[in-house]
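Presented below is the structure to which this report refers.
The values are calculated or read from the model by the stated rules, or taken from the named source; none is laboratory data. Predicted model only: the values in this text are computed from it and were never measured. Virtual Cβ from ideal backbone geometry, glycine too; neighbours counted across all protein chains shown. These area figures cover heavy atoms from the full protein model, side chains too; ligands, DNA and RNA do not enter into them. Shrake-Rupley method; radii C 1.70, N 1.55, O 1.52, S 1.80 Å.
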Amino acid sequence: MRIIRSATAMTAWSRKLQREGVVIGLVPTMGALHDGHRSLIRKARLSCDAVVVSLFVNPAQFGPKEDFARYPRPFKADAALCREEGVDVLFAPSHEAVYPPGFQTTVSAGALARRWEGARRPGHFDGVATVVAKLFGLVTPQVAFFGQKDFQQSVLVQRLVEDLNLGVRVVVCPTVRGEDGLALSSRNRYLTPAQRRSAPVLHEALQAGRTAILRGIRFGAQIDRAMQKVIQTDPKLRLDYLAVCDPETLEPLPRVTKTAVLLGAVRLGRLRLIDNLIVRLGGK
Ligand code: PAF
């Protein structure tokens, strides 16, 4: 596995492969890799000739009071996981490689960034959209792999690709969960043992929402209440939001008549957990 740190070396490598007709798959990450990332890499490995994992803790998507400085950076373990999974290139650019002196052009995410995570983390999705556009420009993948865990991000990236004609196929892969249902996340390592026991309640709440829909409840407000009741069973959890939404626009659905996405976020100590479930009417 090659480790590339500079923009020039990255573009030289990818342009050469493109000329040879090699299909490049990109798995963009901020490191602290876990089995969720592993599943993205495996998916990329299966459908692409060459796999690039990018590892860049992007300051532009952190708010001033967020954990940019404390974000875990276990580089050796991340590189070992990539090696184990047969990654061709680990692209771990320096700050200057992504944001060189003079850098000033950014992407402004649109309406999809207004609600939910975007409302709680102003500027977050502009930062994500900008760095994803940069990574696509540097790596020039034909395919890029994102986790459904960050549902709003995945919808927004698909919009970005379409709006800016970036020519990358975006593949959204299912959330990987612990046995108790907790969605894997790099930040789960911050949970204390007691918090870790409470964390799966978010998934349980979303499941209660899904059960309500599958039992015929259609009003968004009623489904919200069914989910909220589950969160209230654990005093350690502070509800941030739970919502029944249109999976394309992310707008709340007053009534469920077709596929919906249940979005949820809670606070647990200093941490925020997010998760989601897609509910297909008449399907799984
Ligand atoms: O999901 C993430 O890890 C990040 O938001 C991403 C897509 C790598 C952009 O920094």
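Between 0 and 90 degrees, rounded to the nearest ten: what's the tilt of helix 7-19 against the longest Cα principal axis of the chain?
That helix lies at roughly 90 degrees to the long axis.
Compute the orientation-averaged projected area for the range 185-267 from the convex hull of its Cα atoms and round it to one decimal in nm².
If I average the Cα hull's projected area over directions, I get 5.7 nm².
Please return the longest stretch of the chain lacking exposed loop sites, where GluC sites (Glu not before Pro) count only if DSSP places them in a loop and at most 10 other Cβ atoms lie within 10 Å.
Free of exposed loop sites, the longest segment is 21-178.
Once the mean 1/r over all distinct Cα pairs of the range 1-56 is inverted, what Kirkwood radius in angstroms do you read off?
12.0
Accessible area of the chain with a 1.4 Å probe: how many percent of it is carbon plus sulfur?
52
What does the extension gain come out to for F219 and R272, with contour length at 0.36 nm per residue minus their alpha carbon separation?
Separation in residues times 0.36 nm, less the Cα-Cα distance, equals 16.4 nm.
Per q in 0.07, 0.08, 0.15 1/Å, what log10 I(q)/I(0) does a Debye calculation on the alpha-carbon atoms of the chain return?
For the chain, the Cα-only Debye profile gives -0.26, -0.35, -1.19.
Considering only protein heavy atoms, what is the solvent-accessible area of R272 at a probe of 1.4 Å, reported in Å² to the nearest 10?
60
Using Cα pairs closer than 8 Å and at least 6 residues apart in sequence, work out the relative contact order for the chain, in percent.
Relative contact order for the chain comes out at 17 percent.
Please list, in order, the residues from the range 32-54 whose amide nitrogen is less than 17 Å from a point placed 7 Å along the Cα→Cβ vector of R196.
Backbone N within reach: 33-36.
From zero up to wherever the largest Cα-Cα distance of the range 105-193 sits, split into 10 Å bins and tell me the percent of pairs in each.
All Cα pairs, binned at 10 Å, distribute as 15, 43, 32, 9, 1 percent.
Please find the FRET efficiency linking R120 to R19, where r is the Cβ-Cβ separation and R0 is fixed at 30 Å, and quote it to the nearest 0.05.
Computed FRET efficiency for R120 and R19 comes out at 0.10.
Helix-only estimate, please: 222 nm mean residue ellipticity of the chain, summing -39500 (n - 2.57) across DSSP H runs of length 4 or more and dividing by its residues, to the nearest 500.
Calculated from helices alone, the mean residue ellipticity at 222 nm is -11000 deg cm²/dmol.
Gain in length, K65 to T257, computed as 0.36 nm per residue apart minus the alpha-carbon separation, to one decimal in nm?
65.2 nm
How much area per residue is accessible in the chain when the probe is 1.4 Å and only protein heavy atoms are counted (Å²)?
Accessible area per residue, the chain: 48 Å².
Does the range 1-151 classify as rounded, prolate or oblate by the C-alpha gyration tensor (a ≥ b ≥ c root eigenvalues; a/c under 1.5 gives rounded; else a/b over b/c gives prolate, otherwise oblate)?
Taking the square roots of the gyration eigenvalues as a ≥ b ≥ c, the range 1-151 is prolate.
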